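The block underneath contains the structure these notes are about, expressed in structure tokens.
The values are calculated or read from the model by the stated rules, or taken from the named source; none is laboratory data. Bear in mind that the values here come from a model prediction, so they are computed numbers and not experimental data. Ideal geometry is used to build each Cβ from the backbone, glycine not excepted, and the neighbour counts take in all protein chains shown. Ligands, DNA and RNA are excluded from the accessible area calculation, which covers all protein heavy atoms including side chains. Shrake-Rupley method; radii C 1.70, N 1.55, O 1.52, S 1.80 Å.
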Amino acid sequence: MEHPQQQPQQPSQVHLTPRNLRGIAHPLRVQILTSLRTEGPATATTVARRLDLNTGATSYHLRQLAEYGFITEEPSRGGRRERWWRAAHANTVVPDDEVLDGSEGLGSAYLQALGQVWSGALMAAIEATPSLTPEWRDAQDFGDYALTLTPAEAKELAAEIHTLLRRRTSAAAASEAQPPDGAARISFQFQLFPTSEDRHATQPDDME
């Protein structure tokens, strides 16, 4: 069995810094870390099978993630041949602009890695839609909203969504009951950004 009966308590978040950005600014490392967080501890062989990667590449990226503190080894589950790894945190906090802009391009590389992984997950979900049960096909949702907001309003909206999701995840973590029949892990993605026409909009005071 891949998942242990009881996993060690995870610190809830890891904050990105100029140093540890070096360990995560790569799409395969984002994928591997996501897999360990959502599907539980695994060996390099298991992760490679989950993500359709070769074991050599997976082992290298696992070592890098461990070096920068994103994952930790589980000695009690390991053997002489392969080590078991688990995520060290439940989620990652995207750093502020100062860190993203001042990290030798690593901030941009990290965001691009996120975009690549998230878009890949969306395409995989679309391809898998025909195989879903009728109940999950009805529950699955793809949406897109065009709004006109100030930066403050956009930030408030994002905070409201995060609050709702945290309430859901906290309730699930606090419950000792088994998930109800028919429950499944889901991915809830959302992105909020100015559209291309307004991306470089300036304030009236900035205009000559």
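How much length is gained if the chain between residue 66 and residue 45 is pulled fully straight, taking 0.36 nm per residue apart and subtracting their Cα-Cα distance, in nm to one decimal?
Details: separation 21, 0.36 × 21 = 7.56 nm, distance 1.63 nm.
Value of the extension gain: 5.9 nm.
Here the scattering of the chain is modelled by Debye summation over its C-alpha atoms, one equal scatterer each and no solvent; at q = 0.08, 0.11, 0.13 Å⁻¹ the log10 of I(q)/I(0) is -0.35, -0.66, -0.92.
Estimated from helical segments only, the mean residue ellipticity of the chain at 222 nm is -14500 deg cm²/dmol, where each DSSP H run of four or more residues counts as -39500 (n - 2.57). When all protein chains stay in place and ligands, DNA and RNA are ignored, the 1.4 Å accessible-area order of 127, 153, 39, largest first, is 127, 153, 39.
For the Cα atoms of the chain, what angle does the longest principal axis make with the long axis of helix 55-67, in degrees from 0 to 90, nearest 10? On a 0 to 90 degree scale, this one is about 70. Of the accessible area of the chain, computed with a 1.4 Å probe over protein heavy atoms only, carbon and sulfur atoms account for 51 percent.
Determine the per residue accessible area of the chain with all protein chains present and a 1.4 angstrom probe, expressed in square angstrom. Write down the numbers at each step before the final one.
Numbers: 15190 Å² over 208 residues.
Averaged over the residues of the chain, the accessible area is 73 Å².
Among 37, 63, 19, the largest mean-square fluctuation in a Gaussian network model of the chain, built with springs joining Cα atoms closer than 10 Å, belongs to 19. Applying 0.36 nm per residue to the separation of residue 169 and residue 198 and subtracting their alpha-carbon distance, the gain on full extension is 7.0 nm. Extent along the principal axes, Cα only, for the stretch 13-86: 34, 26, 21 Å, with the longest axis given first. The angle separating the long axis of helix 151-174 from the principal Cα axis of greatest extent in the chain is about 20 degrees. The dipole here belongs to the chain: it is taken about the Cα centre, uses +1 on the Cβ of Lys and Arg and -1 on the Cβ of Asp and Glu, and is about 1420 debye. Could you check which residue among 119, 170, 187 shows the biggest mean-square fluctuation in a GNM of the chain with a 10 Å Cα cutoff? The residue that fluctuates most here is 170.
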